[in-house]
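Student: Encoded as structure tokens, here's the structure I'll be asking about.
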Amino acid sequence: METNEKIENFQKLGIKEGLLRSLIDLGFEKPTEIQEKTIPLIIQGKDIIGGAATGSGKTLAFGAGIIEKCNAEKYVQALVLVPTRELAEQVTKELRKFSKYKNLGITAVYGGVSINPQFEAIQEADVVVGTPGRILDHLERGSLKLKNLKLLVLDETDRMLDMGFIEDVERIVAACSKFRQTLLFSATIPPEIARLAKEYMTGPIEVNAEIQVDPKKLKQAYYDVPDGLKFSLLVHLLKHEHPGLIMVFCNTQSNTDFVVRNLQNNGIDAKAIHGGLSQDKRNKTMNLFHSKAVSVLVCTDVAARGLDIKGVSHVYNYDVPNELNNYVHRIGRTARAGADGIAITILASRDYDQFSRLLRTLEVDIEKIELPEVERVRIITQERRGFGRGSRDFAGRDSRGGRFGRDSRNSRPNRGGRRMSSGNSRDSRRALRARRHINHGGYGMR
Ligand code: AMP
């Protein structure tokens, strides 16, 4: 495509010189759906509710508003609230690329790291990207002032609410200038978000767009594995397939630790990322993964939410996600930017019910893959040993019927395995912990 045509594609949305040049430098050719639908409205100053998940190109959508409206004047004119520290880093880096020719001061502000350097960075900043807890901390200390804010962005709002940040978010919004423009992005718009929008936005326009993952390039599949062989199958797949970067999703921090520890014990160079690890460690791990120095990342949903990592060829669900949202989010880590990808769920009997529920709401085919010969590997567990629940297999108990094959093998006892909880109780514990963090002034991101 000719450069002129590319320029025109973005110019007609109202994007001007500096940002246009950055987009051409980045190799962008045409706007994504969410950009096409929202950028003209954002530039006109409208409040927007963007129904868009990560991968839709929403960072540029709100970024265009920020870059067109803010100037390098060293007072905070735009605030972007995000649920996780990783996302704060990612959005900051992306916005810096977009503002290359405008030289805005853009800084990330989140907990888990020293607050002192942030005081100075905020003094120099035109744009702050941060997680609710630490932003509130700065507001309370007086080191961040939002009285002259032009633009407030709530990114991944549903996730911020899931994580128990609603009160923090509302307190932050209340501290912002009343004359600001508000942009709210969220993969889903539950009633609580509709209420937020009604209370804090002015005549918001709702716009929806699809994820930019190409469904034709994304294959979804599952293995039905006898109890006790689940981890061994994961090791087998990681050792025998030769893909690019791999993400393995678990539902809890303890499972993430279990999987990563045992992968390492089995000679696989894997790293973990979850909310229980120090921020320094999480940043280092993300850098290793981004640079492909480590190719297997084992993570929880929260830690990986919204991350845009180039070259993820395989996503494994070691635990079946508790919600459809999380499933969609996980598989959206692969098949990005025109590349092929595969999302594989590894089922044992404990996962059948959850997986059946997911399938009922999904509109796609998930293919069953026949089990390869799997060698049982050694597992070191610090938890109590459990036993498999007999000889169930996944028979695709899905209301539409007939789509999933029946596997006639019997399950084996879970000799090397752990006792698995449903994940729900841990989830509610996590929510409780998130609340406690808020109540006690700590802002650990989970
Ligand atoms: P996001 O949903 O904002 O995380 O964006 C997902 C990825 O798409 C990021 O790597 C962006 O740099 C990239 N991206 C955003 N907009 C475009 C575009 N118009 N053309 C090509 N890539 C884009």
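Student: As an exercise, identify the trypsin sites (Lys or Arg not before Pro) in the range 213-315 lying in DSSP coil whose Cβ has no more than 10 other Cβ atoms within 10 Å.
Tutor: Here the sparse-neighbourhood loop sites are LYS216.
Student: Follow-up. Can you give the accessible area per residue of the range 64-148, in Å², using a 1.4 Å probe?
Tutor: With the other protein chains kept in place, the range 64-148 gives 37 Å² per residue.
Student: Using the structure shown, select from LYS12/LYS74; LYS6/LYS150; LYS6/LYS30; LYS93/LYS284 the pairs with a Cα to Cα distance greater than 18 angstrom.
Tutor: Violating the 18 Å Cα-Cα cut-off are LYS12/LYS74; LYS6/LYS150.
Student: Name the shape class, rounded, prolate or oblate, that the alpha-carbon gyration tensor gives for the range 104-183, where a ≥ b ≥ c are the square roots of its eigenvalues, rounded holds for a/c under 1.5, and otherwise prolate holds if a/b is larger than b/c and oblate otherwise.
Tutor: Since a/c reaches 1.5 but b/c is at least a/b, the shape of the range 104-183 is classed as oblate.
Student: On a 26 Å Cα-Cα criterion, which of the cross-link pairs LYS100/LYS198; LYS69/LYS281; LYS178/LYS198; LYS46/LYS147 come out too long?
Tutor: Table pairs above 26 Å Cα-Cα are LYS100/LYS198; LYS69/LYS281.
Student: In terms of the Cα gyration tensor, with a ≥ b ≥ c the square roots of its eigenvalues, is the range 3-208 rounded because a/c is under 1.5, prolate because a/b exceeds b/c, or oblate?
Tutor: The shape class here is oblate.
Student: Give me, ordered by chain and number, the residues 5 or more places off ALA272 or on other chains with an amide H under 5 Å from its own placed amide H.
Tutor: Correct list: VAL298.
Student: Okay, moving on. When the solvent-accessible surface of protein heavy atoms is calculated with a 1.4 angstrom probe, in what order do ASP155, ASP257 fall, highest first?
Tutor: ASP257, ASP155
Student: Can you give the net charge of the other residues whose Cβ lies under 15 Å from the Cβ of VAL91, counting K and R as +1 and D and E as -1?
Tutor: Value of the local net charge: +1.
Student: In the range 70-215, carbon and sulfur make up what percent of the accessible area (probe 1.4 Å)?
Tutor: 50 percent
The values are calculated or read from the model by the stated rules, or taken from the named source; none is laboratory data. Nothing here was measured: the structure is a model prediction, and the numbers come from that model. Positions of Cβ are backbone-derived with ideal geometry, glycine not excepted, and every protein chain shown enters the neighbour counts. Accessible surface areas use protein heavy atoms only, side chains included; no ligands, DNA or RNA. Shrake-Rupley method; radii C 1.70, N 1.55, O 1.52, S 1.80 Å.
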